Every structure is written in C-alpha cells, then in structure tokens.
1. With a 1.4 Å probe and all protein chains kept in place, how do Lys12, Lys168 rank by accessible area, largest first?
2. Given H placed 1.01 Å from N in the peptide plane, which residues other than close sequence neighbours of Ile7 have an amide H under 5 Å from its amide H?
3. Run the quick spin-label model on Glu20 and Val179: label points 7 Å from Cα toward the beta carbon, then report their separation in nm to one decimal.
4. Could you order Glu164, Glu180, Glu98 so the one with the most accessible surface comes first? Probe is 1.4 Å.
5. Straight-line reach from Lys12: which lysines have a Cα under 23 Å away, not including same-chain ones fewer than 8 places off?
6. Using Cα positions and a limit of under 23 Å, work out the lysines in reach of Lys53, with same-chain residues fewer than 8 apart set aside.
7. Leaving out ligands, DNA and RNA but keeping every protein chain, what accessible area does Tyr99 have, in Å² rounded to the nearest 10, with a 1.4 Å probe?
Amino acid sequence: FASVTPIRMPHKFFGRSLAEIVQDIQYIKTSIWRQTLDNMWNINNARAAISNKVSLDDYLDNKVGAPIRVDTDHPNAGGHIFPVQTAPIGNHAYPLLEYVDTVRETRTGINRLSQGLDPDALKNTATGINQLLGRSQQRMLLIAQVFASGVKDAFKKILRLSIEHQDKARTIRLRNNWVE
C-alpha cells in the first residue's frame, strides 16, 4: 500500500485534505448567499395579504399596472390589500461573507494576496507582502513535497513488483546499446 495525503495527521493512516478543512466554510457561504438572494427576491417580489373581498384572479394576474377588483362600496378600499414587508439583510450578510473568507484564508494559508495582485497590495509594506506570499508558498511547497514522497513510494513499489513478477528478461536500449 502507498498512501498519499496533502496534510499528514500524527498516528493516523489517512490525513486531511484542503477541501476537508474548508468544507464547513463552503456550506456556511452557500447558506449565506442563498438567504441573501432569497431576501432580495422577497424584497423585489413582495407578497401581499388580501381580504376575501378582493378578486383572487385579478391579484394573481401579475402584469405591471393591472387593476385588482375589490368588492366593496366603502370609499377607502385600501384596507383589503396591504403589502407584507421584508427587511433587507444585505448590510449584515456581506460583512459576514467577508469574515467567512478570512476564516477560510486562516485555515488554508492561501490568501487573496497570494493569488494575484490585490488592489490594496500597493498600500501594504513590501516586507508584509513578501511574508504573506512566503507563508502561502511554503505551505503549498510542503503539500507538494508530501505528495511527491507518496508518489515516489508508490512508484518504487510498482517497480519492485514488476521486477519480482516479470516472466522473462527485458531488453532495453541503454547508451545506444540493447541490453537485457
């Protein structure tokens, strides 16, 4: 057996992956996005409460400017239809998304500055940028080295098995000469 894992765990055969580290963050971000979009949908397509004196067919006909018949002789018929208000949550959701992104960056070690030039990067000091890039690159290098050792181990074992179980001598070209 050969095991390859990006993040080794002490005394465990299986390690962890970057996806496993940030999986709950992805679920949280998906939930926040979905709720924000649902909230905007409810704001833009507001529901209304109607009384039994309103023609339901007219109300369900959602054409812009279409009239709604109200069955009453009262001069103030506006009390039969009133909108249900939805409070906007965007001003709370967007900072929460930003916070969740910083938690993800802390867990993985891969930040925005290591993925290209950030517009705010010019305001930061050069040593700070180098430190951020250095740490994320070191983590990626560590993961690559762990993978390389696992792949090397797997191929050594494949080579050993192929040498042990070959049926006949193999002829290969080595330094322009064919050798068994």
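1. Most to least solvent-accessible, the answer reads Lys168, Lys12.
2. Arg16
3. With each label placed 7 Å out from Cα toward Cβ, I get 4.3 nm.
4. Ranked from most to least accessible, the order is Glu180, Glu164, Glu98.
5. In chain and number order, the partners are Lys152, Lys156, Lys157.
6. Hits, sequence-local ones excluded: Lys63.
7. 140
The values are calculated or read from the model by the stated rules, or taken from the named source; none is laboratory data. Fair warning: this is a prediction, and the values are worked out from it, not measured in the lab. Reconstructed Cβ throughout: ideal geometry from the backbone, glycine too, with neighbour counts over all protein chains shown. Surface accessibility is based on the protein's heavy atoms, side chains included, excluding ligands, DNA and RNA. Shrake-Rupley method; radii C 1.70, N 1.55, O 1.52, S 1.80 Å.
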